[in-house]
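Scroll down for the structure; my scribbles are underneath it.
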Amino acid sequence: MKFAVPLVLFAALAGLLAAGLRRDPHLVPSPLIDKPAPAFHLARLDEPSRAFSPQELLGKVWLLNTWASWCVSCRQEHPLLMALSKAEVVPIYGLNYKDNRADALEWLSQMGNPYVLNVQDINGRVGIDYGVYGVPETYLIDKAGVIRYKQIGPLTLESLEKTILPIVGNLNDELAK
Amino acid sequence: MPSPATIGQFALIAALLLASLQATLPILGAARGKSSWIALAKPAGQWQFIAVALAFCCLAYCFVTNDFSVLNVASNSNSQLPLNYRFAATWGSHEGSLLLWTLMLAFWTAAVSIFSRHLPETTIARVLGVMGFISVGFLLFMLTTSNPFTRLIPVPLDGRDLNPLLQDPGMVVHPPMLYMGYVGFSVAFAFAVAALISGRLDAAWAKWSRPWTLVAWTFLTCGIAMGSYWSYYVQGWGGWWFWDPVENASFMPWLVGTALIHSLAVTEKRGAFKSWTVLLAIAAFSLSLIGTFLVRSGVLTSVHAFATDPRRGLFILGFLGIVIGGSLVLYAWRAKQVGLGSPFDVVSRESFLLSNNVLLAVAAASVLLGTMYPLVIDALDLGKLSVGPPYFNTVFVAVMAPAMFLLGIGPIARWKKASIPELARRLRWAFAASVIAAIVIPFYVEWKPLVSLGLLLAIWITATMVLSLSDKLKTVNLKSLPRGYYGMQVAHLGVAVVIVGIAVVTGYESEKDLRMEPGDSVSVGSYDFQFKGLDLVSGPNYEAIRAEMNVFHNGAIIVRMHPEKRIYNVSGNALTNAAIDTSVFRDLYVALGEPAGENDGWSFRIQYKPFVDWIWAGAFLMAIGGVLALTDKRYVTPANKKIRIPEAA
Amino acid sequence: MRSLLLFLVLLSNPSGDSDLEHRVMTLSQQFRCLVCQNETIADSHADLAADLRQQIREQMIAGRTDAEITTFLSDRYGDFVLYRPRVSPRTYALWFGPFAMLAAGLFALYLFLKSRLWTLNRRTLSADENRKADAILQFSSNPNVAVYRDQFAEIESDFRIGVIVQEEYERDRVDLKRRLLEEEISKQAPKTPERLLNNSRG
């Protein structure tokens, strides 16, 4: 019944297209999941004479949040970050991406500062190492310095509750044993 | 007096009713022999066209008169927009372009209803019925999910402006031309489905499918070429084809349409391969529909995509399922009933034509594979990957090169039974000349394998064309050769010209991307570009920074070029307007990038593109070939004339 | 110190620079600009694209190969950034599919053509069939037969002006009549309005 072949092929194609409707072609999953967080040594935003490196946080579970004063979506997630930092569940460190120091400090004083500290990635090189393509992006890093989760775009209550916080809980429990 | 938007709205509803009538009664009438129902087909189709045309005119009127109470106008136009772009903005949005689609379909419907004296009424009834069914789908889609006449209250004072990329003559011409082609394949589709419904694929079907397919193909060729040219001068990076999903969506029907034209030639002559021809006719239009889906559903990332909405995507997908799925079910059920026709040898012109069919079909399938593959991998949860020009260029050239080679042999081979030794003998000089020229010519500039391959194919096609013509002229005089023959040769020559253009520009183009200050000079190719300075100019709805670039060749100034960076008043969008100096053997291309440092320094992209216009000139030749074939007198002389049948020999 | 050196190199614009730029642009055309709607980082005006081009430039100056730079980018952004998909088990179907289809298609065509060869020489007409065909051609007002008449006339004219030779002429006429008969006979089965009319006219 070779004349039915085109029909079968089309059915497969249609199934594929239907499946495609539920996907977002713009979401790019990170290849860095379960890989060590790339090292860097950047000047701090508050005291540029001092530097910070993720090495210092081995043994802790923490969030690295990329943001900029010119980024509109960053304003969206900011209240969540503030709430998260008040809850003291997981420390938030900021990567100020391709920004101007004065603008960044101004932004923080206006909007509030949820970060333990910030580093300046002025030319975006560290961002490239982390695979940043559009701020804001947030990385969850574990005690061994391995990236466990990446949030593309602003943090949402749903992603926090359903994904990030549970993972944080697991990671914290792990080493307690 | 109701507003034009209201009239337009009602016109669409009327069109839907008429299309529903057109889609149902004639087909039922043909099945039951009710001539009154059969007779409804033509008037229903023609009145549907009038209703859709009225709706279209109303929407265009709203745009031209700046009626911002219509949401579509407010979202896509602005009072500062020049008149021609206000008109073109009618089809600048998803809703508007759907209306254009529907208008084209209605136009083809009316055309079929008028130019069909040679076909039995029942056939026409079925053909118009199938087209009516498709019209119903699009009209329903518009009225339920994408109404161009939705009102906006309160009425804004002005609109959001048309995307600057679309504010261009290309926008006025490319979509209508493309849609004429794209949608035109619906006629061949309707003929095929009508034939399957009746259970008969007879000689009349084969003969009359051909001109309709040719017309659609010709329009699509022009539409694609225009899209490519428009992209070239508007995108600012000098590219002319990117294998973007939307470009592929128009190219796949073109490839299948080309296969269809050639397959129809065999089917008409020998009555053979009917089921394959029918499948191609279904496939060509199906690919048009799939393309329409891809552009509007958000399933793939593309420069061209309209604002995406999965709900709309679902509707179109459902519609696709019914139309394509339905026709393929019909195919599976009825295709085996059609006869095999006259046989022909394994080596014959027919088999060369069919090999070319296989190659074109594989090429189309490969483009589909590459376009859909990221989706396949994502749906199977195997991650995300991209398939871009490096893949398509490799695969497409590999599959099409043999087809181009066959292009030379096919027209020379005898019908029904050809002999390879004889073909080899007739073609050996053409082959030798092509090989030698292809190897030698590139040394003049710089030898590159792909340039050589391109030249080999192009010269081969031209040489065999000359050979065929000179052979024919030994026995026949120039005037008595049918136009169809000239059409074929001109179209094939067009292919050769396109190949030359692509090979040379890809092999020998050069570019410089650099920062220049006024007074600086740089050489690209054998030309010297001197940046004189910047100027501020005003357009009807934009402000622009214009650079003056003097171009020298052998020390003498040959042209002054003025690339611009425009900032549109309403949207604030910036657009690069490249300056292009066109000439038969090369284009010079200068585009402004970004401001760089003090002293009026800017980054420039300067390109030397040899033979690039040959690509579009070749496409134009192909279209002319199509027109020539169309106007062959076999389609023009009245049918049913009595001919004296001589005694059998 | 290293970045100062780099800066000076970039500023001095020696003649070899254009080769470097060309190499940068050529390689950049292989990568997707992630913030754009389907453009390469060579063509895009986005900041990220400019940053990545700069990154590529510096790596090339440092002596990295195209393959190493490609890996650098895909390690950070995933395979999605590559316009040329890697050849790996999950892309075998993509890279080898077209050639498999081509081979299968041409083979299927060959088999089909060969299977029909046996009918090639059995296509002659009996006197009876010949008479019947002539009658249909002459008298039927069926539009389908009109098409056959036109084709017959074309064969005549092609022979007259010399496009085809005697042997082809004979063969084509026989062919045409046979096809005509096959079509007209197959129409006898189901009944539709035209058939009823045809039957009455013969």
Some residue of the stretch C:44-55 being under 19 Å from residue A:129 (Cβ atoms), of a type outside the set (Phe, Trp, Tyr) and in contact (Cβ under 8 Å) with a residue 24 or more places away in the chain: yes
Failed criterion for residue B:375 (all others in (1) farther than 19 Å from residue C:96 by Cα; (2) away from chain C (no Cβ under 11 Å); (3) of a type outside the set (D, E, K, R) hold): (1)
Any hit, the stretch B:348-366, residues being within 24 Å of the chain's Cα centre (by Cα), assigned to a helix (DSSP H, G or I), more than 9 Å from every other protein chain (Cβ to nearest Cβ) and β-branched (Val, Ile, Thr): no
Matching option when the condition is outside any helix (DSSP H, G or I) and modelled with pLDDT of 90 or more, among B:148, B:176, B:156: B:148
Filter result (within 30 Å of residue B:34 (Cβ to Cβ), modelled with pLDDT of 80 or more and of a type in the set (S, T, N, Q)) within the stretch C:141-198: C:144
Any hit, the stretch A:143-155, residues being part of a helix (DSSP H, G or I) and either out of contact with any strand residue (DSSP E or B) (no Cβ under 7 Å at 6 or more places or on another chain) or over 12 Å from residue A:61 (Cβ atoms) (or both): no
Options C:59, C:37: the member that is under 30 Å from residue B:298 (Cβ atoms), of a type outside the set (Asp, Glu) and not in a strand (DSSP E or B): C:37
Identity of the residue in the stretch B:1-45, of a type in the set (S, T, N, Q) and within 30 Å of residue B:151 (Cβ to Cβ), that ends up farthest from the chain's Cα centre (by Cα): B:3
Sole exception among (1) at pLDDT 90 or above; (2) surrounded by fewer than 20 Cβ atoms within 10 Å (Cβ to Cβ) for residue B:336, by number: (1)
Criterion (outside the structural domain of residue B:434 (by TED's automatic domain parsing) and free of Cβ contacts under 8 Å to residues at least 40 places away in the same chain) met by exactly one of B:344, B:396, B:405: B:396
In the stretch B:401-412, the residues that are within 13 Å of chain C (Cβ to nearest Cβ) and surrounded by 19 or more Cβ atoms within 10 Å (Cβ to Cβ): B:403, B:411
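Determine, yes or no, whether residue B:517 is over 30 Å from residue B:621 (Cα atoms), more than 36 Å from the chain's Cα centre (by Cα) and either at pLDDT 95 or above or within 14 Å of chain C (Cβ to nearest Cβ) (or both). Talk me through it step by step, then tell me what you get.
Working: over 30 Å from residue B:621 (Cα atoms): yes; more than 36 Å from the chain's Cα centre (by Cα): yes; either at pLDDT 95 or above or within 14 Å of chain C (Cβ to nearest Cβ) (or both): yes.
So residue B:517 fits the description; yes.
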The stretch B:201-230, residues that are within 14 Å of chain C (Cβ to nearest Cβ) and surrounded by fewer than 22 Cβ atoms within 10 Å (Cβ to Cβ): B:211
Qualifying residue in the stretch C:71-87 (condition: in a helix (DSSP H, G or I), in contact with a strand residue (DSSP E or B) (Cβ under 8 Å, 6 or more places away or on another chain), more than 8 Å from chain B (Cβ to nearest Cβ) and within 30 Å of residue B:385 (Cα to Cα)): yes
Given (1) at pLDDT 90 or above; (2) under 27 Å from residue B:164 (Cβ atoms); (3) surrounded by 21 or more Cβ atoms within 10 Å (Cβ to Cβ), number of the condition residue B:48 does not satisfy: (2)
Residues (closer than 18 Å to residue A:61 by Cα and among the small types (Gly, Ala, Ser)) located in the stretch A:84-120: A:85, A:87, A:94
Some residue of the stretch A:169-177 being out of contact with any Lys or Arg (no Cβ under 9 Å at 6 or more places or on another chain), over 29 Å from residue A:70 (Cα atoms) and either part of a loop (DSSP other than H, G, I, E, B) or at pLDDT 85 or above (or both): yes
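The values are calculated or read from the model by the stated rules, or taken from the named source; none is laboratory data. Given the structure is predicted, the values throughout are model-derived calculations rather than measurements. Glycine also receives a Cβ, built like all others from the backbone with ideal geometry; neighbour counts cover every protein chain displayed.
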